Amino acid sequence: MRNQRYDKYNLSVQRPHLVLIGAGASRAAFPNGEKYRLRLPLMNDFFDIVEGLSDYLEKHGIGYKNKNFEDLYSSMYENSKYNEIRTNIEEIVYNYFGRMELPNEPTLYDHLILSMTGRDAIATFNWDPFIGQAMCRNYKRVGGNNNLPRPIYLHGNTAVGVCTRHRQVQVGPKGIICRKCRKRLEKSKLLYPIEKKNYNSDPFIKSSWHDVRSYLQDAFMFTIFGYGAPSSDVEAIKLLQEGWGNKYQRVMEEIEVIDILEEDLLCEKWGTFIHSHHYSTHKDFYLSSIARFGRRSCDAQFQRIYNCIELVDNSLPKYANWDELDEWLKPLLEEENTKRERRN
Ligand SMILES: [Zn+2]
């Protein structure tokens, strides 16, 4: 293997890097809670963490102890006598996630979106607003939204507003005006954990699933970050697999899993996606190719596989302040701009 510095990267890889994120990513970003110390729940500690939920259930005599959220919610969904209670639970959940905010200093979410480019995409199962907020506060930093990854919301999102009056669903930050009909965007619906989710019932969620499958088909790299593929997501995994296709047709692509579980378990879980040795697992986002080869993950992978060139890390500065992050970004953005000018 030869070594080369990052400024010799081949920027010709036009295929995207798709990152799929789940609740574990937000927990990893904010182990002690977000800006206001609101903690990020997983399915098995949901009732302990989402404020107001256990009080509400207790008041209505609904046993929730030792149950996870998806099991309880699924069982209520099947019985119409719980419809009103279910609607109230949904409101409590929406309000909890909806009032979350990114802390003022750079966070893992800022690092994630700044480490990817406009050809890439981040598909999230999470209801929390962090991807949207990170996009809003960083797009100027990289010269516009076109230089940031495309966000895709697979189960709806509390940061997002939508207008479904048009053939192409209009999406933007919650509360702004639709640029087509000038009406205020409506809150995105959240898709709750039931076994038979109808991904086609809501136009916004339907279009998100169309987009993620299209990115999966094109992707050169696919990273799964903090997503545990819970039992209520059987249908989601099936759709993702359809998008990725048969692993024997993806022999040059690379899969990366960022998760605290051991490698054996992760390989078992994602075995139908992984071809042979074309994968890596990391317990920490900052050890992944996204953070090690910021904005150049696919290029680094391409050089390694096709040209046997091992690239030198250009690791994202984890503890940098905003100015230091800008310094790190500057040569990368300049290189991208030069390439773009040459192409045009
Ligand atoms: Zn509209």
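The values are calculated or read from the model by the stated rules, or taken from the named source; none is laboratory data. Since the model is a prediction, treat every value here as computed from it, not as a measurement. Backbone-built Cβ (ideal geometry, glycine too); neighbour counts: all protein chains shown.
Results, tabulated for the structure shown:
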| quantity | calculated |
| --- | --- |
| Cross-chain or 6+ apart pairs with Cβ under 6 Å, region 164-189 first and farther than 20 Å from Arg137 by Cα, then near the ligand (Cβ under 6 Å from one of its atoms) and among the charged types (D, E, K, R) | His166/Lys180; Gln170/Lys180; Cys181/Arg165 |
| Selection within region 288-297 - farther than 18 Å from Glu334 by Cα and in contact (Cβ under 8 Å) with a residue 40 or more places away in the chain | Ser288, Ser289, Ile290, Ala291 |
| Entirely in region 270-344, the helices (runs of 4 or more DSSP H) that have 2 or more residues that are of a type in the set (Ser, Thr, Tyr) | 297-307 |
| Residue ID - farthest from Lys283 (Cα to Cα), chosen from residues in region 244-268 that are assigned to a helix (DSSP H, G or I) and at pLDDT 90 or above | Trp244 |
| Some residue of region 247-266 being of a type in the set (Phe, Trp, Tyr) and touching a strand residue (DSSP E or B) at 6+ places or on another chain (Cβ under 7 Å) | no |
| Helices (runs of 4 or more DSSP H) wholly inside region 31-123 that include at least 2 residues being free of Cβ contacts under 8 Å to residues at least 60 places away in the same chain and within 30 Å of Asp284 (Cβ to Cβ) | 46-49 |
| Candidate set from region 171-197 (those that are outside any loop (DSSP other than H, G, I, E, B) and of a type in the set (A, V, I, L, M)); member that is nearest to the ligand (Cβ to nearest atom) | Ile177 |
| Region 124-147: number of residues that are out of contact with any Gly (no Cβ under 6 Å at 6 or more places or on another chain) and surrounded by 22 or more Cβ atoms within 10 Å (Cβ to Cβ) | 9 |
| Residues satisfying the stated conditions in region 124-170, i.e. within 16 Å of the ligand (Cβ to nearest atom), outside any loop (DSSP other than H, G, I, E, B), hydrophobic (A, V, I, L, M, F, W, C) and more than 23 Å from Pro193 (Cα to Cα) | Cys163 |
| Those residues of region 118-165 which are within 18 Å of Leu239 (Cβ to Cβ) and among the aliphatic types (A, V, I, L, M), in sequence order | Ala121, Ile122, Ala123, Ile152, Leu154 |
| Members of region 243-260 that are under 19 Å from the mean Cα position of the chain (by Cα) and surrounded by fewer than 17 Cβ atoms within 10 Å (Cβ to Cβ) | Ile260 |
| Test: residue in region 199-208 that is farther than 18 Å from Ala23 by Cβ, small (Gly, Ala, Ser) and within 16 Å of the ligand (Cβ to nearest atom) | yes |
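To keep it simple, each residue is scored yes or no on (1) β-branched (Val, Ile, Thr); (2) in contact with a helix residue (DSSP H, G or I) (Cβ under 7 Å, 6 or more places away or on another chain).
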site	(1), (2)
Asp259	no, yes
Lys269	no, no
Ile274	yes, yes
Glu324	no, no
Arg343	no, no
